[in-house]
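The values are calculated or read from the model by the stated rules, or taken from the named source; none is laboratory data. All of these numbers come straight from a predicted model, not from anything done at the bench. Every residue, glycine as well, gets a Cβ built from its backbone with ideal geometry; the counts of neighbours run over all protein chains shown. When the accessible area is computed, the model is the full protein with side chains, heavy atoms only, and any ligands, DNA or RNA have been set aside. Shrake-Rupley method; radii C 1.70, N 1.55, O 1.52, S 1.80 Å.
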Amino acid sequence: MKISNVMSRDVQLVNPDDTLRGAAALMKKIDSGLLPVAENDKLVGMLTDRDIAIRGVAEGKGPDAKVRDAMSAEVKYCFEDEDVAHVAENIAELQVRRLPVMTRDKRLVGIVSLADLATEGSLPKTAKALHGISQPGGQHNQSRPRV
């Protein structure tokens, strides 16, 4: 099965010059913890609720700070024609919960999440992805170093 069959297509975007307050309000409205950041019809970053907390609030940036000040500029993504099992493996390896979905000519067409994989009905793929992203040492690791 292809990612295009399980991804969410209704994607809301923010601009790098939007405020963190505006992005947070949009996250609340659509009940999502992630927003793709686009500029001039190009995906330039991703903003998570965690980015707002860690790179925004914790670093003293106020609600009127720009999205570009807190977003992750390195964007990991998958293609709409990729196999679900392959993308689940990538999600585990990258230790992320969501990936933007692009066409082969790099146009954003959706977002795929662990929830999308779970509702697709492939529990082994979802479990493997969840196991992978739950390993210590990921980008957003909260485990304490072992002494």
Notebook entry, point to check: So, of the residues in the stretch 24-33 that are at pLDDT 95 or above and among the hydrophobic types (A, V, I, L, M, F, W, C), which turns out to be surrounded by the fewest Cβ atoms within 10 Å (Cβ to Cβ)?
Noted result: A25
Notebook entry, point to check: Can we say R50 is over 26 Å from A85 (Cα atoms), in contact (Cβ under 8 Å) with a residue 12 or more places away in the chain and within 14 Å of the chain's Cα centre (by Cα)?
Noted result: yes
Next item on the list: Kindly indicate which of A58, A53, A70 is farther than 20 Å from R107 by Cβ and surrounded by 15 or more Cβ atoms within 10 Å (Cβ to Cβ).
Entry: A70
Checklist line | Filter result (out of contact with any helix residue (DSSP H, G or I) (no Cβ under 7 Å at 6 or more places or on another chain) and either open to solvent by 40 Å² or more (accessible area, probe 1.4 Å) or acidic (D, E) (or both)) within the stretch 34-50 | finding: E39, N40, D41, K42, R50
Next item on the list: Starting from the stretch 17-32, keep only residues that are of a type in the set (K, R), then list their pairs with residues that are modelled with pLDDT of 95 or more and surrounded by 15 or more Cβ atoms within 10 Å (Cβ to Cβ) whose Cβ atoms are within a distance under 9 Å, requiring at least 6 positions of separation or different chains.
Entry: R21/A65
Next item on the list: Any residue in the stretch 97-112 that's open to solvent by 100 Å² or more (accessible area, probe 1.4 Å): show its pairings with residues that are among the polar types (S, T, N, Q) at Cβ separation under 8 Å, as long as the two are six or more apart or on different chains.
Entry: R97/S113
